[in-house]
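Undergrad: Take this structure, written in structure tokens, and hold onto it; I'll ask about it next.
The values are calculated or read from the model by the stated rules, or taken from the named source; none is laboratory data. All values derive from a computational prediction rather than experimental measurement. When we count neighbours, we look across all protein chains shown, and the Cβ atoms used for this are built from the backbone with ideal geometry, even at glycine.
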Amino acid sequence: MLEVLKELPSDSVLGLIKLFAADTNADKIDLGVGVYKNEQGKTPVMAAVKMAEARILEAENSKTYYGSDGNSAFLEAVAPLVFGASTALADRIVGCQTVGGTGALQLAAKLAISCNKDAAIWVGTPTWPNHLPLFAAAGLEIKTYEYYDVKSQKINFSDMINALQSGRAGDVVLLHACCHNPTGADLDLDQWAQVASLIAEKGMIPLIDSAYLGLGVSLEQDVKALQLVISRVPETLIAFSCSKNFGLYRERIGALFVVGKDGHSSSAIKSHVQYLARTVYSTPPNHGAAIVTSILSEPGLKKIWLSELVESTQRINDMRQQLAASSSVGGIDLVALGNQKGMFALLPLSVDQVNTLRDSFSVYMAPSGRINLAGLNRENIPYFVSSLGKVLNE
Ligand code: LMR
């Protein structure tokens, strides 16, 4: 039976990990997978994480199961990062620990299908390359619109609004909470308000992918758009990830938060989310959840984590501004990058140009032309800019 399977191409983002590792060029630059790198090009374990792990090793006295929604202390600890300190919404919120932010997206999509088997999801392009296959695998019909025009490096807001005008009640609208992946171009709060009102008017439900909170401006600023949406629509799905802001990539720790219309629906929503998780992986792994809980519940550790997060965000922003200061390379205007946010920028490059940068200069990026700014440092920026210039001027 298995002989029917044809080999698939490697993942456009994760496939870069092995290619980069195998490259022996001492000048190689990794701008591929979205992980934070320090000035030395390393992705170290955060000090707060190391300390939390030492405490967990000492204190953990059982590895028995939690339920399908995972570690409740973790959910209580992270909810304020998303919803703020106020408990006003508390009875409307259902939380479920998930296998990374991807697990939360998958559960959210399946939940939408459970409510409406004909649901479509509206996805602005370009987007994280895994969004489309993930939602298709969950059974959602995918409807795309142009979110960002790569050539002019501008958000196509009118296209977004026009597209969402044809949404049907029960459809899902995917939104990136901040630090848009792959463009770095976020809506302003006025645009967010318009999108939220339209979603509410049409009876659609937003699914807010929140993988980069804290890595744009600050935790408080980056969550503002998400909170604005929650205040304007009756129901919201939030996929929260701790991969980037806690540097816990391979621990696969995230959460799905569902904000229901009112407290009455919470127990039904919870039962469905738990059922969906049970059918896929039964219960989520705890190590990442224990780390995050320990950090957020111990003031000393939280302070260390926050300062590490601020330092990472500042370094990324510094690299962004350095690149923007190059103003123009081979006809690409880099100034626009200076006003964007987060780890990523999307350069208007063809796949051939991306391949030449990789094969002739050992500069690795996603095939879309997305670069991870954290892969830059003061030493390699000149090499990157000159390689880019050579390829664009060919
Ligand atoms: C990325 O966008 O590079 C990261 O989110 C890693 C991934 O899983 O694709």
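Undergrad: Are there any pairs with C-beta distances below 9 angstrom linking a residue in the stretch 361-374 that is near the ligand (Cβ under 10 Å from one of its atoms) and at pLDDT 95 or above to a residue that is among the hydroxyl-bearing types (Ser, Thr, Tyr) and part of a helix (DSSP H, G or I), with the two at least 6 apart or on different chains, and if so which?
TA: The qualifying pairs do not exist here.
Undergrad: Could you check the stretch 126-145 and list, in sequence order, the residues that are within 16 Å of the ligand (Cβ to nearest atom) and surrounded by 14 or more Cβ atoms within 10 Å (Cβ to Cβ)? Lay out the reasoning, then the answer.
TA: Step one: list which residues in the stretch 126-145 are within 16 Å of the ligand (Cβ to nearest atom), which gives 126-135, 137.
Those that are within 16 Å of the ligand (Cβ to nearest atom) and surrounded by 14 or more Cβ atoms within 10 Å (Cβ to Cβ): Pro126, Thr127, Trp128, Pro129, Asn130, His131, Leu132, Leu134, Phe135.
Undergrad: Considering only residues of the stretch 77-118 that are more than 21 Å from the chain's Cα centre (by Cα) and in a helix (DSSP H, G or I), which is farthest from His264 (Cα to Cα)?
TA: Of everything passing the filter in the stretch 77-118, Ile113 is farthest from His264 (Cα to Cα).
Undergrad: Then there is this: All but one of (1) within 16 Å of the ligand (Cβ to nearest atom); (2) surrounded by 21 or more Cβ atoms within 10 Å (Cβ to Cβ) hold for Ala225, so report the exception by its number.
TA: Result: Ala225 fails condition (1) only.
Undergrad: Looking only at the stretch 146-192, which residues are buried (at least 21 other Cβ atoms within 10 Å of the Cβ) and among the acidic types (Asp, Glu)?
TA: Scanning the stretch 146-192 gives Asp171, Asp186.
Undergrad: Evaluate the following for Ala200: is it within 14 Å of Thr125 (Cα to Cα) and touching a Lys or Arg at 6+ places or on another chain (Cβ under 8 Å)? If you could, list the steps in order and put the result at the bottom.
TA: Working: within 14 Å of Thr125 (Cα to Cα): no; touching a Lys or Arg at 6+ places or on another chain (Cβ under 8 Å): yes.
Considered against the rule, which asks whether it is within 14 Å of Thr125 (Cα to Cα) and touching a Lys or Arg at 6+ places or on another chain (Cβ under 8 Å), Ala200 comes out as no.
Undergrad: For Gln165, state whether it is among the polar types (S, T, N, Q), farther than 25 Å from Ser282 by Cβ, modelled with pLDDT under 95 and more than 16 Å from the ligand (Cβ to nearest atom).
TA: Working: among the polar types (S, T, N, Q): yes; farther than 25 Å from Ser282 by Cβ: yes; modelled with pLDDT under 95: no; more than 16 Å from the ligand (Cβ to nearest atom): yes.
Taking the combined requirement at face value, the residue does not satisfy it.
Undergrad: Only one of Gly254, Gly247, Gly260 is buried (at least 24 other Cβ atoms within 10 Å of the Cβ) and either among the small types (Gly, Ala, Ser) or within 24 Å of the chain's Cα centre (by Cα) (or both); which? Give the steps one after another, and end with the answer.
TA: Working: Gly247 fails: buried (at least 24 other Cβ atoms within 10 Å of the Cβ); Gly260 fails: buried (at least 24 other Cβ atoms within 10 Å of the Cβ).
Result of the check over Gly254, Gly247, Gly260: Gly254.
Undergrad: Given the conditions (1) more than 16 Å from the ligand (Cβ to nearest atom); (2) surrounded by 14 or more Cβ atoms within 10 Å (Cβ to Cβ); (3) closer than 20 Å to Gly184 by Cβ; (4) touching a residue at least 60 places away in the same chain (Cβ under 8 Å), and given that Asp333 satisfies all but one, which numbered condition is not satisfied?
TA: Among (1) more than 16 Å from the ligand (Cβ to nearest atom); (2) surrounded by 14 or more Cβ atoms within 10 Å (Cβ to Cβ); (3) closer than 20 Å to Gly184 by Cβ; (4) touching a residue at least 60 places away in the same chain (Cβ under 8 Å), Asp333 violates only (2).
Undergrad: Same structure again: Which condition from (1) within 13 Å of the ligand (Cβ to nearest atom); (2) not in a loop (DSSP other than H, G, I, E, B) is the one that Ser12 breaks?
TA: (2)
Undergrad: Right, here's the next one. Looking at the stretch 30-42, I want the residues that are more than 19 Å from Cys179 (Cα to Cα) and away from the ligand (no atom under 12 Å from the Cβ) and have a partner that is modelled with pLDDT of 95 or more and not in a loop (DSSP other than H, G, I, E, B) with Cβ atoms under 9 Å, at least 6 apart or on another chain. Which pairs are those?
TA: Listed by first residue and then by second, the contacts come to Glu39/Arg315; Gly41/Ile29; Gly41/Asp30; Gly41/Gly375.
Undergrad: Can you tell me how many residues in the stretch 246-256 are within 21 Å of Leu174 (Cα to Cα) and more than 12 Å from the ligand (Cβ to nearest atom)?
TA: 3
Undergrad: List the number of the failed condition for Phe20; all other conditions in (1) more than 22 Å from Glu379 (Cα to Cα); (2) within 16 Å of the ligand (Cβ to nearest atom); (3) part of a helix (DSSP H, G or I) hold.
TA: (1)
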